[in-house]
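S.K.: Just passing along the structure, written as structure tokens.
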Amino acid sequence: MGELGPADLRTLISQQVALAYVLPLAVRLLLEEPLLDAYFYAGDLLLATANAPAVAWSLLPDLAARLRAVITALPEEVVAGLPGRAAEELARFVARAESLRS
């Protein structure tokens with residue numbers, strides 16, 4: 001597991017493989033570099049991580065809170081510059097992560 005790179009983590013998360021193990025690794029990288037380019041574009045690892053199933057995050061509420069803090073610290077213009085519906089996807093994760101704290 002320690003040899004997995006950002007692209008490997010993005011792929012595993014997108015395919016929902018071993019999320020309990022790969023989400024912490026991904027979040028560790030995202031804490032240092034939120035818009036890390038994991039092969040496709042800047043922020044692709046962040047989006048894959050934020051789009052992990054809610055059930056995975058419900059098992060990792062502290063980790064979800066840390067990722068939520070990373071996302072909410074991003075400037076609006078940076079989020080708006082991400083492709084597709086990234087802003088909506090990140091907002092959905094932030095709301096879901098906030099509900100885990102309750």
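S.K.: Inspect all residues belonging to region 81-90 and state whether any of them is touching a residue at least 24 places away in the same chain (Cβ under 8 Å), hydrophobic (A, V, I, L, M, F, W, C), surrounded by 15 or more Cβ atoms within 10 Å (Cβ to Cβ) and touching a strand residue (DSSP E or B) at 6+ places or on another chain (Cβ under 9 Å). I'd like the intermediate steps shown before the answer.
M.R.: Here is the first cut: in region 81-90, the residues touching a residue at least 24 places away in the same chain (Cβ under 8 Å) are 82-83, 86, 89-90.
From the residues that got through so far, the ones that are hydrophobic (A, V, I, L, M, F, W, C) too are 82, 86, 90.
Checking the rest, the ones that are also surrounded by 15 or more Cβ atoms within 10 Å (Cβ to Cβ) come to 82, 86, 90.
Now restrict to residues that are touching a strand residue (DSSP E or B) at 6+ places or on another chain (Cβ under 9 Å): 82.
Yes: one or more hits.
S.K.: Could you grab me the full set of residues in region 42-66 that are over 14 Å from Arg10 (Cβ atoms) and either touching a residue at least 24 places away in the same chain (Cβ under 8 Å) or touching a Leu at 6+ places or on another chain (Cβ under 8 Å) (or both)? Quick ask: steps written out before the conclusion?
M.R.: So the first thing to find is which residues in region 42-66 are over 14 Å from Arg10 (Cβ atoms), and the list is 53-66.
Scanning region 42-66 gives Pro53, Ala54, Ala56, Trp57, Ser58, Leu59, Leu60, Pro61, Leu63, Ala64, Ala65, Arg66.
S.K.: Can you tell which of Leu59, Leu19, Leu23, Leu63 is crowded, with 19+ Cβ neighbours inside 10 Å, under 14 Å from Arg96 (Cβ atoms), more than 9 Å from the chain's Cα centre (by Cα) and not acidic (Asp, Glu)? Spell out how you get there, then give the answer.
M.R.: Details: Leu59 fails: crowded, with 19+ Cβ neighbours inside 10 Å; Leu19 fails: under 14 Å from Arg96 (Cβ atoms); Leu23 fails: more than 9 Å from the chain's Cα centre (by Cα).
Exactly one of Leu59, Leu19, Leu23, Leu63 is crowded, with 19+ Cβ neighbours inside 10 Å, under 14 Å from Arg96 (Cβ atoms), more than 9 Å from the chain's Cα centre (by Cα) and not acidic (Asp, Glu), namely Leu63.
S.K.: Can you find a residue in region 56-76 that is among the hydroxyl-bearing types (Ser, Thr, Tyr) and in a loop (DSSP other than H, G, I, E, B)? Can you show your working first?
M.R.: Residues of region 56-76 that are among the hydroxyl-bearing types (Ser, Thr, Tyr), as a first pass: 58, 72.
Narrowing the set further to residues that are in a loop (DSSP other than H, G, I, E, B) leaves none.
Looking for residues that are among the hydroxyl-bearing types (Ser, Thr, Tyr) and in a loop (DSSP other than H, G, I, E, B), one finds none in region 56-76, hence no.
S.K.: When region 27-41 is examined, which residues are found to be without any contact (Cβ under 8 Å) to a residue 40 or more places away in the chain, closer than 22 Å to Ala80 by Cα and either in contact with a Phe, Trp or Tyr (Cβ under 9 Å, 6 or more places away or on another chain) or outside any loop (DSSP other than H, G, I, E, B) (or both)?
M.R.: Filtering region 27-41 for residues without any contact (Cβ under 8 Å) to a residue 40 or more places away in the chain gives 28-29, 31-33, 36-40.
Now restrict to residues that are closer than 22 Å to Ala80 by Cα: 29, 31-33, 36-40.
Once the filter is applied, which keeps residues that are without any contact (Cβ under 8 Å) to a residue 40 or more places away in the chain, closer than 22 Å to Ala80 by Cα and either in contact with a Phe, Trp or Tyr (Cβ under 9 Å, 6 or more places away or on another chain) or outside any loop (DSSP other than H, G, I, E, B) (or both), region 27-41 yields Leu29, Leu31, Glu32, Asp37.
Throughout, read-outs are computed from the coordinates displayed, never taken from laboratory work. Since this is a predicted model, take the numbers as computed values, not measurements. Glycine gets a Cβ as well: all are built from the backbone with ideal geometry, and neighbour counts include every protein chain shown.
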